[in-house]
Every structure is written in C-alpha cells, then in structure tokens.
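Worksheet for the structure shown next.
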Amino acid sequence: MAKQPNDSNVMKPADFKRWRKTLKLSQKEAAEALGLKRRVVQYYEKGERDGEKVQIPKYIRLACSAVASGVADYDGPPRDKDPAAPEPLGEPQSTSD
C-alpha cells in the first residue's frame, strides 16, 4: 500500500526555496531544471497561488532530489541489461555447429 504524505514528509515552501538557493539556482534556472515555468517556482516558494494554498507534488520533490544529486535528465534504465528485450532487427545471429 502506498504511503500517504503527512506534514513531516511534505516539502514546505521554505524547503523548496532552500533547495534552490543551496544549489545556487535562480528561479528561472530552477524552473528549467525541473521542466516548469518560472511562475510555478514562484508559487511553490510562496506556498500559494491566487490566495489558494499550493502543495509541492511528489514528482517535483523527487525531481528536486534528482537535480540535487546531479541528475540532469533520465531516459530510463540501461537498455542492454534487459534480458526480456527482443533482439534488434538486422542480420540473424550466427550459430556454431
């Protein structure tokens, strides 16, 4: 069963801003690193949008962790380690007799 977020493991606006400042990123750079618009970064840092409370979604929290760890992009697990992957099309494999 999935663990439900509670107040102790939800990133707060001050935590988000501290993440950005620790990495010495401008709001624009943080937005680019997370695939967001700069305005959304501002909402997350303020904790509200148009007077409504804004929570930082789990996928953004995970992305912040990845960026802090030096991950700039991710294209999935290594393709050469998947034993269930079909053989690429092309020349048939030769067999030893």
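The values are calculated or read from the model by the stated rules, or taken from the named source; none is laboratory data. Source: prediction; values computed, not measured. Calculation scope for accessible area: heavy atoms of the full protein, side chains included, ligands and nucleic acids excluded. Shrake-Rupley method; radii C 1.70, N 1.55, O 1.52, S 1.80 Å.
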Original post:
Under the Karplus relation 6.51 cos²θ - 1.76 cosθ + 1.60, θ = phi - 60°, what is the ordered set of whole-Hz ³J(HN,Hα) values for segment 32-49, x standing for Gly and Pro?
Top reply: 5, 5, 9, x, 10, 7, 4, 4, 5, 4, 4, 4, 5, 6, 7, x, 7, 9
**OP:** Could you state how much accessible area residue 44 has, in square angstrom rounded to the nearest 10, with a 1.4 Å probe and all protein chains kept in place?
**Re:** 20
**OP:** Could you list which residues have their amide H under 5 Å from that of residue 49, counting only those 5 or more apart in sequence or on another chain, with H placed in the peptide plane?
**Re:** 54
Original post:
Check residue 10: other-chain or 5+ apart residues with amide H under 5 Å from its amide H, H built from backbone geometry?
Top reply: none
